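Worksheet: the structure to be examined is printed underneath.
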Amino acid sequence: MKCLSRMTGNCPVRFLGGIEAAAEIRKLEGGLSRVPIIAATADALKGDQERYLNAGMDGYLSKPLNKKKLEEAIAKVTGR
(Lines give C-alpha, C1' and ligand atoms only; values in the text may rest on other atoms or scores of the structure.)
Protein backbone atom coordinates (compact mmCIF):
# COMPACT_ATOMS: atom_id res chain seq x y z
CA MET A 1 0.00 0.00 0.00
CA LYS A 2 1.38 3.40 -0.99
CA CYS A 3 1.05 6.20 1.56
CA LEU A 4 0.86 9.89 0.83
CA SER A 5 3.32 12.22 2.49
CA ARG A 6 1.31 15.34 1.62
CA MET A 7 -1.97 16.30 0.15
CA THR A 8 -3.89 19.48 -0.42
CA GLY A 9 -7.60 20.06 -0.21
CA ASN A 10 -9.97 22.93 -0.52
CA CYS A 11 -12.05 23.79 2.55
CA PRO A 12 -14.97 23.54 2.27
CA VAL A 13 -15.77 21.24 -0.60
CA ARG A 14 -19.30 20.30 -1.62
CA PHE A 15 -19.53 16.94 0.07
CA LEU A 16 -17.11 17.29 2.98
CA GLY A 17 -15.66 20.34 4.71
CA GLY A 18 -12.10 20.54 5.96
CA ILE A 19 -13.02 19.87 9.57
CA GLU A 20 -15.09 16.82 8.59
CA ALA A 21 -12.33 15.61 6.25
CA ALA A 22 -9.75 15.89 9.05
CA ALA A 23 -12.02 13.91 11.38
CA GLU A 24 -12.47 11.17 8.76
CA ILE A 25 -8.71 10.97 8.14
CA ARG A 26 -8.08 10.67 11.88
CA LYS A 27 -10.66 7.85 12.10
CA LEU A 28 -9.03 6.00 9.19
CA GLU A 29 -5.61 6.26 10.81
CA GLY A 30 -6.83 4.27 13.77
CA GLY A 31 -3.97 5.55 15.92
CA LEU A 32 -1.39 3.72 13.80
CA SER A 33 0.10 6.76 12.09
CA ARG A 34 -0.65 10.45 11.76
CA VAL A 35 -0.89 12.33 8.48
CA PRO A 36 0.03 15.99 9.02
CA ILE A 37 -2.92 18.26 8.23
CA ILE A 38 -2.63 22.03 7.94
CA ALA A 39 -5.76 24.14 7.60
CA ALA A 40 -5.47 26.80 4.88
CA THR A 41 -8.62 28.84 5.17
CA ALA A 42 -10.20 32.25 4.84
CA ASP A 43 -11.66 31.73 8.33
CA ALA A 44 -9.62 34.19 10.38
CA LEU A 45 -11.94 35.24 13.18
CA LYS A 46 -11.18 34.83 16.86
CA GLY A 47 -11.54 31.16 17.75
CA ASP A 48 -11.19 29.81 14.20
CA GLN A 49 -7.62 28.57 14.70
CA GLU A 50 -8.62 26.70 17.86
CA ARG A 51 -11.63 25.21 16.08
CA TYR A 52 -9.43 23.74 13.35
CA LEU A 53 -6.75 22.50 15.75
CA ASN A 54 -9.37 20.95 18.04
CA ALA A 55 -10.78 19.15 14.99
CA GLY A 56 -7.52 17.21 14.65
CA MET A 57 -5.51 19.44 12.34
CA ASP A 58 -1.84 19.98 13.13
CA GLY A 59 -1.49 23.52 11.83
CA TYR A 60 -3.49 26.54 10.74
CA LEU A 61 -2.88 29.25 8.14
CA SER A 62 -5.26 32.00 7.13
CA LYS A 63 -5.54 33.12 3.53
CA PRO A 64 -4.07 34.75 1.59
CA LEU A 65 -1.22 32.31 2.02
CA ASN A 66 2.32 33.48 2.47
CA LYS A 67 4.96 31.17 0.96
CA LYS A 68 7.34 31.53 3.91
CA LYS A 69 4.61 30.85 6.49
CA LEU A 70 3.43 27.84 4.49
CA GLU A 71 6.96 26.43 4.34
CA GLU A 72 7.37 27.02 8.09
CA ALA A 73 4.07 25.30 8.86
CA ILE A 74 4.99 22.28 6.73
CA ALA A 75 8.40 22.06 8.41
CA LYS A 76 6.80 22.28 11.86
CA VAL A 77 4.27 19.49 11.31
CA THR A 78 6.66 17.20 9.44
CA GLY A 79 9.74 17.81 11.58
CA ARG A 80 11.78 18.79 8.51
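Criterion first (surrounded by 14 or more Cβ atoms within 10 Å (Cβ to Cβ) and at pLDDT 85 or above) does Ala23 satisfy it? Yes; evaluated as a whole, the condition is true for this residue.
Given Ile37, Ile74, which one is in contact (Cβ under 8 Å) with a residue 60 or more places away in the chain and not aromatic (Phe, Trp, Tyr)? Steps first, answer last, please.
Details: Ile37 fails: in contact (Cβ under 8 Å) with a residue 60 or more places away in the chain.
Being in contact (Cβ under 8 Å) with a residue 60 or more places away in the chain and not aromatic (Phe, Trp, Tyr) holds for just one of Ile37, Ile74, which is Ile74.
Restricting attention to region 28-60, which residues are within 25 Å of Arg80 (Cα to Cα) and either exposed (fewer than 12 other Cβ atoms within 10 Å of the Cβ) or over 12 Å from the mean Cα position of the chain (by Cα) (or both)? Listed by number, the residues that qualify are Leu28, Glu29, Gly30, Gly31, Leu32, Ser33, Glu50, Asn54.
Name the pairs: first residue in region 50-69 and among the charged types (D, E, K, R), second residue surrounded by fewer than 15 Cβ atoms within 10 Å (Cβ to Cβ) and outside any helix (DSSP H, G or I), Cβ to Cβ under 8 Å, at least 6 apart or on different chains? Correct list of pairs: Asp58/Arg34; Lys63/Ala42; Lys63/Ala44.
Looking at region 31-41 only, could you name the residues that are closer than 13 Å to Lys63 by Cβ and in contact with a Ser or Thr (Cβ under 7 Å, 6 or more places away or on another chain)? Please lay out each step first, then the result.
Of the residues in region 31-41, the ones closer than 13 Å to Lys63 by Cβ are 38-41.
Matches in region 31-41: Thr41 only.
Being out of contact with any helix residue (DSSP H, G or I) (no Cβ under 6 Å at 6 or more places or on another chain) and modelled with pLDDT of 90 or more is the filter here; which residues of region 29-47 pass it? Answer for region 29-47, where residues must be out of contact with any helix residue (DSSP H, G or I) (no Cβ under 6 Å at 6 or more places or on another chain) and modelled with pLDDT of 90 or more: Lys46, Gly47.
Scan region 34-60 residue by residue and report those that are aliphatic (A, V, I, L, M) and over 14 Å from Ile19 (Cα atoms).
Kept after step one, since they are aliphatic (A, V, I, L, M), are these residues of region 34-60: 35, 37-40, 42, 44-45, 53, 55, 57.
Those that are aliphatic (A, V, I, L, M) and over 14 Å from Ile19 (Cα atoms): Val35, Ala44, Leu45.
The values are calculated or read from the model by the stated rules, or taken from the named source; none is laboratory data. In this text, all values refer to a predicted model and were calculated from it rather than measured experimentally. Using ideal geometry, Cβ is built from the backbone for each residue, glycine included, and neighbour counts are taken over all protein chains shown.
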